[in-house]
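Data block below; observations after.
The values are calculated or read from the model by the stated rules, or taken from the named source; none is laboratory data. Since the model is a prediction, treat every value here as computed from it, not as a measurement. Here Cβ is always computed from backbone atoms with ideal geometry, including for glycine, and neighbour counts include all displayed protein chains.
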Amino acid sequence: MNHLERFIANMEYQPTDWVPNWELGVWPQTRDRWEAEGLDGTSLHWRWFPGEAGLGMDPKEFISFDGAPLPRFEYEVLEEDERTFTFRDEKGMIRKGLKEGMSHGGRMSMDEFIDFPVHNWDEWQEVKKRFDPASPQRLEPNWDVTRVAGWRARAHPLIFGPNCTTLGFYWWARELMGTEGVSYGWYDQPKLMHDICEHHADFLIEGARPVLEKTTVDYICLNEDMAMKTGPLLSPRTYREFIFPRMRRVVDFYKSHGVRYVAVDTDGNPEKLVPLLMDAGVDILWPCERAADQDPVRLRKTFGKTLRLWGGVDKRELAKDHAAIDAHLRTFIPLIEEGGFVPTVDHTVQPGVSWDNFQYYMQQKAKLLRGQL
């Protein structure tokens with residue numbers, strides 16, 4: 001089997017020689033630790049979504065798409081002291097970040113989000129102009145001449161949009177307005193929120209249309225992050241009113257244009273919204289965050305085979321010892337045998353995981369994926 005055949009067989013619960021071996025990535029500080037523990041960092045390219053062959057991962061290919069505002073907002077440092085700096089980023093958000101612990105451009109903690117580009121209808125009308133899906137800069141130059149033949153002849157999964165470039169409705173609205181702004185917006189500014197969601201549905205459809213008219217793709221992932229540890233950040237009622245009809249329209253368009261699967265990426269516990277996602281045609285949920293009680297074995301029993309699952313490997317278990325890693329991986333054997341499941345760490349690997357432990361995890365996971373653990 002080639003990598004594409006293997007992926008499809010797994011997603012369709014058919015026999016396969018092994019389950020795809022994928023991972024998300026690592027914190028920059030984790031890379032620092034591993035290099036201090038003996039890893040030659042130059043032996044890896046550190047872009048794990050398309051596959052890290054040096055660690056035994058299987059390849060995927062992502063079609064370039066720029067879903068950010070065009071033109072970008074002007075980056076500007078607004079304030080700075082010895083410990084922190086406050087800045088406006090290229091998406092128009094004002095953020096405060098710590099200087100301590102910076103590595104390879106990444107910080108050890110989340111920034112403090114101070115302000116956002118949209119507070120009302122008039123500001124949205126101006127910001128909306130930056131999200132023209134037909135802007136030629138959104139796709140790779142000359143892609144229709146240089147890339148299509150290779151995409152059509154692929155032997156590995158092909159995905160439209162690298163991770164976090166095809167944002168879902170909640171994540172996109174949150175980048176415009178912030179969590180608090182969106183939470184109030186559903187109630188205080190429903191006209192604004194309906195227009196944001198309707199525009200985003202058009203953006204997701206028209207942004208992908210030129211590519212989908214030239215080639216099929218195997219999946220599209222909408223990044224949402226619309227849940228916290230104990231539940232979603234919006235109610236099922238709110239989701240049904242504002243997002244569901246647009247999500248259904250987007251999924252219908254994708255599948256009518258040859259997209260095999262639609263995935264939703266959200267951290268936290270989204271379970272109250274999962275039936276709505278499935279009703280909208282979503283096929284895959286990930287990364288099944290274990291700190292939010294997202295056990296993929298339990299989720300399969302709850303939602304059945306229609307919902308494929310990725311992720312579910314508890315990063316906290318990888319920080320323990322080899323015995324804990326083995327015990328944790330064995331819990332996935334029923335899903336590996338059944339199919340429709342790809343185990344990965346439930347987010348990027350944090351610096352509490354040693355290089356020895358991660359090597360052992362990848363070695364044992366390779367056995368799990370082949371039914372040998």
### Query
Applying the selection to region 295-326, what residues are more than 15 Å from Asp346 (Cβ to Cβ) and in contact with a strand residue (DSSP E or B) (Cβ under 7 Å, 6 or more places away or on another chain)?
Arg300, Leu307, Arg308
### Query
Is it true that some residue in region 348-363 is among the charged types (D, E, K, R), assigned to a loop (DSSP other than H, G, I, E, B) and touching a His at 6+ places or on another chain (Cβ under 9 Å)?
no
### Query
If you go through region 281-291, how many residues are under 18 Å from Leu233 (Cβ atoms) and either of a type in the set (Val, Ile, Thr) or buried (at least 20 other Cβ atoms within 10 Å of the Cβ) (or both)?
6
### Query
Counting only residues that are β-branched (Val, Ile, Thr) and assigned to a helix (DSSP H, G or I), which one in region 156-207 is nearest to Trp22 (Cα to Cα)?
Ile205
#### Entry: Members of region 133-157 that are surrounded by 15 or more Cβ atoms within 10 Å (Cβ to Cβ) and either without any contact (Cβ under 8 Å) to a residue 40 or more places away in the chain or over 13 Å from Phe65 (Cα atoms) (or both)
Arg147, Trp151, Arg154, His156, Pro157
### Task
Scan region 332-363 for residues that are buried (at least 16 other Cβ atoms within 10 Å of the Cβ), without any contact (Cβ under 8 Å) to a residue 40 or more places away in the chain and either of a type in the set (S, T, N, Q) or not assigned by TED's automatic domain parsing to the domain that holds Arg260 (or both) and jot them down.
Asn357
### Message
Under 6 Å between Cβ atoms, which residue pairs at least 6 apart in sequence (or on different chains) link something in region 297-318 that is within 20 Å of Ile8 (Cα to Cα) with a partner that is among the small types (Gly, Ala, Ser) and buried (at least 17 other Cβ atoms within 10 Å of the Cβ)?
### Response
Lys305/Gly340; Arg308/Gly340
### Message
Can you find, within region 2-41, the residue that is nearest to Glu52 (Cα to Cα) among those that are surrounded by 14 or more Cβ atoms within 10 Å (Cβ to Cβ) and among the polar types (S, T, N, Q)?
### Response
Asn21
### Query
Quick one: is Leu233 modelled with pLDDT of 95 or more, buried (at least 19 other Cβ atoms within 10 Å of the Cβ) and within 28 Å of Arg290 (Cα to Cα)?
yes
### Message
Scan region 133-155 and tell me whether some residue there is touching a helix residue (DSSP H, G or I) at 6+ places or on another chain (Cβ under 6 Å), farther than 29 Å from Ile196 by Cα, small (Gly, Ala, Ser) and assigned by TED's automatic domain parsing to the domain that holds Glu224.
### Response
yes
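If you go through region 78-91, how many residues are outside any strand (DSSP E or B) and touching a strand residue (DSSP E or B) at 6+ places or on another chain (Cβ under 8 Å)?
Residues flagged as outside any strand (DSSP E or B) and touching a strand residue (DSSP E or B) at 6+ places or on another chain (Cβ under 8 Å) within region 78-91 amount to 2.
Do we have Asp267 as modelled with pLDDT of 95 or more, touching an Asp or Glu at 6+ places or on another chain (Cβ under 6 Å) and on the phi < 0 side of the Ramachandran plot here? Full working, then the answer.
Numbers: modelled with pLDDT of 95 or more: yes; touching an Asp or Glu at 6+ places or on another chain (Cβ under 6 Å): yes; on the phi < 0 side of the Ramachandran plot: yes.
Yes; evaluated as a whole, the condition is true for this residue.
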### Message
Regarding region 259-273, can at least one residue be identified that is touching a Phe, Trp or Tyr at 6+ places or on another chain (Cβ under 6 Å), of a type in the set (Gly, Ala, Ser), surrounded by 21 or more Cβ atoms within 10 Å (Cβ to Cβ) and in contact (Cβ under 8 Å) with a residue 24 or more places away in the chain?
### Response
no
### Query
closer than 30 Å to Gln359 by Cβ, surrounded by fewer than 12 Cβ atoms within 10 Å (Cβ to Cβ) and in contact (Cβ under 8 Å) with a residue 12 or more places away in the chain - does that describe any residue in region 87-101?
yes
#### Entry: Some residue of region 92-114 being assigned to a loop (DSSP other than H, G, I, E, B), closer than 30 Å to Pro245 by Cα and within 21 Å of the chain's Cα centre (by Cα)
yes
### Message
One residue is enough: does region 17-33 have a residue meeting the conditions in a helix (DSSP H, G or I), of a type in the set (Val, Ile, Thr) and touching a residue at least 60 places away in the same chain (Cβ under 8 Å)?
### Response
yes
